[in-house]
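Below is one structure, written out as structure tokens; comments come after it.
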Amino acid sequence: MFTGVNKKKIYQLVLEQIQEGLSDGSLQKGGKLPTERELAQKLQVSRASIREALRVLDVLGIITSRHGGGNFINHRLERSLLEPFSIIYRSMNSSLPDILEIREILESQLVKTAARSINKKNLAELKNLGDQLEGADNIENWTKIDKKIHYEIIRASKNQLLIVILNSLSELFELQIKNLLKKIFNSRADRADLIKQHKKIIKAIEKRDEKNAELEMKNHFMFYKKH
């Protein structure tokens, strides 16, 4: 699994080995890495270099270090994407419409895949969430259910890479849209409109109408942009 390395930075090389291990199944999310001694021997570098590399990966959120217990691959690797996204978002003076546009582009395509490939179990869960959204009586539950609906649609597409990316964007999206969601929730008309939009998206998926599912998802994000 681990092989000798060249003159790249050690943490980059350890990361490459982790990526290869995750790809070929020899490593798993949440799984324990070899010891520092084993890594140093297999990568043909000093233990000090390995120790520093592991510190960097810990800071990046790729691994977690447990005192006396070793180093483990983060079982929620997608969380490690959130901080870089947040830094880039702030450093470039990006705005909420930027995030909305990215999500619209990705989700309007994924919803077509969901309409084509969703199974009965996912569809039943999606319809149940639509009903729950209609009955949500506070902003916390409403926001939580809204997020679950979008996640279920993304999950139905079965595109694992985009699931990770959109989950990270979703958390950043939530941080920036709190006031807008509160405004929508407190307006009976806007809340009813948003619930209706979700119902239309779910109905299009149920009918396996890819074109209409895409249209309704775009209308959904257009609603956010207008607010």
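The values are calculated or read from the model by the stated rules, or taken from the named source; none is laboratory data. Computed from a prediction, not measured in an experiment: that's the story for all the values here. Here Cβ is always computed from backbone atoms with ideal geometry, including for glycine, and neighbour counts include all displayed protein chains.
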Any pair with Cβ under 7 angstrom, 6 or more apart, that starts in the range 110-134 at a residue that is in contact (Cβ under 8 Å) with a residue 40 or more places away in the chain and closer than 17 Å to residue 147 by Cβ and ends at one that is polar (S, T, N, Q) and outside any helix (DSSP H, G or I):
110/159
Give the residues of the range 107-117 that are buried (at least 18 other Cβ atoms within 10 Å of the Cβ) and more than 15 Å from residue 208 (Cβ to Cβ), sorted by residue number.
107, 108
Since residue 202 meets every condition but one in (1) farther than 18 Å from residue 131 by Cα; (2) modelled with pLDDT of 95 or more; (3) among the hydrophobic types (A, V, I, L, M, F, W, C), which condition does it not meet?
(1)
Could you tell me whether residue 174 is modelled with pLDDT under 85 and either within 19 Å of residue 201 (Cα to Cα) or surrounded by fewer than 17 Cβ atoms within 10 Å (Cβ to Cβ) (or both)?
yes
What are the pairs, 6+ residues apart or on separate chains, where a residue within the range 43-71 that is at pLDDT 80 or above and surrounded by fewer than 17 Cβ atoms within 10 Å (Cβ to Cβ) has its Cβ under 8 Å from a residue that is polar (S, T, N, Q) and not in a strand (DSSP E or B)?
64/74; 70/35
